[in-house]
Amino acid sequence: MKILIVDDDKEIVELLSIYVKNEHYEPIEAYSGKEAITKLATNPDIALMILDIMMPNMSGIDVVKQVRKDSQIPIIIVSAKTGDMDKIQGLITGADDYVTKPFNPLEVMARVKSLLRRFTNNVTNTEPDKLEVGPLTIMKDSHEVTTLTGKQIQLTALEFGILYLLASHPNRVFSADEIFERVWQQESIVSAKTVMVHVSHLRDKIEEATGGEKVIETVWGVGYKVEA
């Protein structure tokens, strides 16, 4: 698999490339937002992108917005911005994960492998391929979500994973930690805010596509559920 690494700091790109190679992936390097867009266009088989935010001319946030117009590949932001609002902005824009600098390259690679597992094997084969919940039809194998009117909702891999998890267990309440461990497929190592942001973004997309239908419910102090 090809991993696109984007940062205007050459040393960081070279460091991550070493770890990417050690995990038997192929690193593709870019040193600006515009170069990242070009590399994506010329390498359609890129499986995941590791992306810095603070770059000249075209920021990482602008790259995410551009990429999300026609692609749902997993994106990990690696940034020196450590504030909660910076992380939330990155996730709401369409990134799947957010790692702050300075970082442990082993942690970054653990997140890379987790996201790739999530993207290529979103749910187990023992679960149904088609689910219908409220105004939505959810197709497991194609990762498609459509409304009653046939409108398709574009979701990231993690957003689809959350929706499928909740929809495949109607009326069951999942805590933020349970959602993280089931969807991210790793032990919960982040605050509930990460899950909350993804659920919020997922809700916004569903409500926009369905004219305000509320599919995912919050059970305050416990977690989230989808009613049958």
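Matching residues to (1) of a type outside the set (D, E, K, R); (2) farther than 17 Å from residue 115 by Cα; (3) touching a Cys at 6+ places or on another chain (Cβ under 9 Å); (4) assigned by TED's automatic domain parsing to the domain that holds residue 70:
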| position | (1), (2), (3), (4) |
| --- | --- |
| 13 | yes, yes, no, yes |
| 16 | yes, no, no, yes |
| 19 | yes, no, no, yes |
| 23 | no, no, no, yes |
| 28 | yes, yes, no, yes |
| 31 | yes, yes, no, yes |
| 38 | yes, yes, no, yes |
| 42 | yes, yes, no, yes |
Notebook entry, point to check: In region 196-224, what count of residues is obtained for those that are crowded, with 18+ Cβ neighbours inside 10 Å and over 20 Å from residue 148 (Cα atoms)?
Noted result: 6
Margin query: Is it the case, given these coordinates, that residue 91 is closer than 18 Å to residue 195 by Cβ and of a type in the set (A, V, I, L, M)?
Written below: yes
Next item on the list: Tell me, please, whether a residue that is over 22 Å from residue 108 (Cα atoms), free of Cβ contacts under 8 Å to residues at least 40 places away in the same chain and of a type in the set (S, T, N, Q) can be found in region 41-54.
Entry: yes
Next item on the list: Hey, can you tell me all the residues within region 74-85 that are at pLDDT below 90 and part of a loop (DSSP other than H, G, I, E, B)?
Entry: 80, 81, 82, 83
Check: From the list 182, 172, which residue is basic (Lys, Arg), outside the structural domain of residue 68 (by TED's automatic domain parsing), more than 20 Å from residue 94 (Cβ to Cβ) and touching a Phe, Trp or Tyr at 6+ places or on another chain (Cβ under 9 Å)?
Finding: 182
Next item on the list: Kindly indicate which of 16, 4 is under 20 Å from residue 106 (Cβ atoms), of a type outside the set (Val, Ile, Thr) and assigned to a helix (DSSP H, G or I).
Entry: 16
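The values are calculated or read from the model by the stated rules, or taken from the named source; none is laboratory data. Everything quoted here is computed from the prediction, not taken from an experiment. Note that we place each Cβ from the backbone using ideal geometry, even for glycine, and neighbour counts take in every protein chain shown.
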